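Written out below as structure tokens is the structure these notes cover.
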Amino acid sequence: MARTRRIITNPTPHWTAQRRVGQLLQDLFGDDDDFNGDQLMQQNVSELLGIFREFPDLILQEYGVVLYNWRECCGEEMGGRIVVDGEPTNWDYTPLHLFLYADVGLHPIQALFDLVDDATDNILEVECLSRLPIHVACRCSSEEIILFLAKKRPDLLKERSEEDELPFACAVNNTRHALSVKTMQWLLQQHPQAVRGRYRNSFSALASRCGARMLPLDLFDYMVDLYLDLQKQEEEPPTELFFAKDGLELHMDLQRTKILGRLLQQQSLTLTALTVAAKGWHSEAFIWMMKYLEQNKALDFVCISLPLPSLSNSSSSSNTDSS
């Protein structure tokens with residue numbers, strides 16, 4: 001009878017390091033019952049960087065991790081993909097994606113790039129859950145991190161996520177930080193088309209997922225000017241204008257509504273249809289808008305949400321024939 005020989009091999013240092021990286025990356029997110037964003041964070045990041053110095057190729061690999069802080073760093077739209085039966089599930093991410101989700105700070109991220117200097121493009125072009133690192137940074141990182149990544153590859157500010165969002169729109173909806181007007185303007189200067197939605201007749205970047213957060217007046221004013229400059233370059237100005245996008249909220253007070261009125265006034269001769277799906281109209285702003293639209297005789301169709309509290313959380317809107 002033939003005897004079976006068992007061959008026992010010792011794990012290589014590289015394999016051991018790879019396993020340890022996966023454990024440390026998961027530890028950055030604790031667990032659902034006892035999550036502390038600061039607990040052991042610095043120690044774990046320091047150990048990770050030490051391993052990456054010895055094995056730089058591990059920076060470019062992906063690791064299965066559960067994002068227990070998904071509400072804080074991802075938002076509901078991504079949660080719909082990674083959460084099953086109320087619990088977040090394991091997905092593959094690069095260390096850079098996970099450093100951004102864990103909010104480890106700028107210096108560890110700079111250290112990652114120092115270690116993969118020849119592969120900067122590779123680390124910035126990897127998509128996890130159809131998001132590039134620049135999308136993740138704009139959604140949940142500080143502006144110093146956003147600028148650090150964006151300046152390495154400004155062309156990636158033109159890329160859309162699976163949710164059809166440009167990095168600028170992610171920055172508008174940043175879940176952790178209110179970014180400065182200067183930084184937001186810089187992002188728009190790199191890719192002016194980001195002031196529009198996917199289509200040239202939409203201005204959906206106004207919308208925000210972050211509760212009642214409203215765009216700063218200076219930024220709103222800048223966006224309107226930029227949008228009008230883009231429209232002037234069109235051979236045929238659009239006859240329809242949309243301020244709407246599924247799943248987004250638009251909060252408008254009187255000051256912002258008057259700035260919006262300036263945009264509409266500039267297009268009053270060509271604009272025949274207007275759609276504004278706002279869930280957060282202030283009553284005085286809504287009244288001002290209705291009076292303004294009543295004076296615009298060119299509009300044939302207006303679809304605008306009502307500001308009543310009973311409808312504030314619904315998708316109901318009223319269609320008004322203004323002709």
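The values are calculated or read from the model by the stated rules, or taken from the named source; none is laboratory data. From a predicted model like this one, the values you see are computed outputs, not experimental measurements. Quick reminder, even Gly has a Cβ in these numbers, built from the backbone with ideal geometry, and neighbours come from all protein chains shown. Side chains included, ligands, DNA and RNA excluded: accessible areas come from the protein's heavy atoms. Shrake-Rupley method; radii C 1.70, N 1.55, O 1.52, S 1.80 Å.
Structure notes:
- Residue tally, condition part of a helix (DSSP H, G or I) and either closer than 20 Å to GLY105 by Cα or in contact with a Phe, Trp or Tyr (Cβ under 7 Å, 6 or more places away or on another chain) (or both), over the stretch 119-141: 11
- Subset of the stretch 154-177 (residues that are surrounded by 19 or more Cβ atoms within 10 Å (Cβ to Cβ) and polar (S, T, N, Q)): SER161, ASN173, ASN174
- Checked against the criteria, LEU254 does not count as among the aliphatic types (A, V, I, L, M) and touching a strand residue (DSSP E or B) at 6+ places or on another chain (Cβ under 7 Å).
- Meets criteria (closer than 29 Å to ARG196 by Cα, in contact (Cβ under 8 Å) with a residue 40 or more places away in the chain, surrounded by 16 or more Cβ atoms within 10 Å (Cβ to Cβ) and of a type outside the set (Lys, Arg)) for LEU129: yes
- Across the stretch 95-132, the number of residues qualifying as under 15 Å from VAL45 (Cβ atoms) and of a type in the set (Val, Ile, Thr) comes to 2.
- Each residue in the stretch 99-110 was checked for being more than 15 Å from LEU25 (Cβ to Cβ) and among the small types (Gly, Ala, Ser), and 1 of them qualify.
- Unique residue being in contact with a strand residue (DSSP E or B) (Cβ under 8 Å, 6 or more places away or on another chain) and either modelled with pLDDT of 95 or more or in a helix (DSSP H, G or I) (or both) when the list is LEU25, LEU48: LEU25
For (1) over 20 Å from GLN61 (Cβ atoms); (2) of a type outside the set (S, T, N, Q); (3) out of contact with any Pro (no Cβ under 6 Å at 6 or more places or on another chain); (4) open to solvent by 60 Å² or more (accessible area, probe 1.4 Å), each residue gets a yes or a no:
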{"residue": "ASP117", "(1), (2), (3), (4)": "no, yes, yes, yes"}
{"residue": "ASP121", "(1), (2), (3), (4)": "no, yes, yes, yes"}
{"residue": "ARG139", "(1), (2), (3), (4)": "yes, yes, yes, no"}
{"residue": "SER142", "(1), (2), (3), (4)": "yes, no, yes, no"}
{"residue": "LYS152", "(1), (2), (3), (4)": "yes, yes, yes, yes"}
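- Out of TYR93, TYR101, one residue alone is touching a helix residue (DSSP H, G or I) at 6+ places or on another chain (Cβ under 8 Å), farther than 22 Å from PHE168 by Cβ and open to solvent by less than 10 Å² (accessible area, probe 1.4 Å). It is TYR93.
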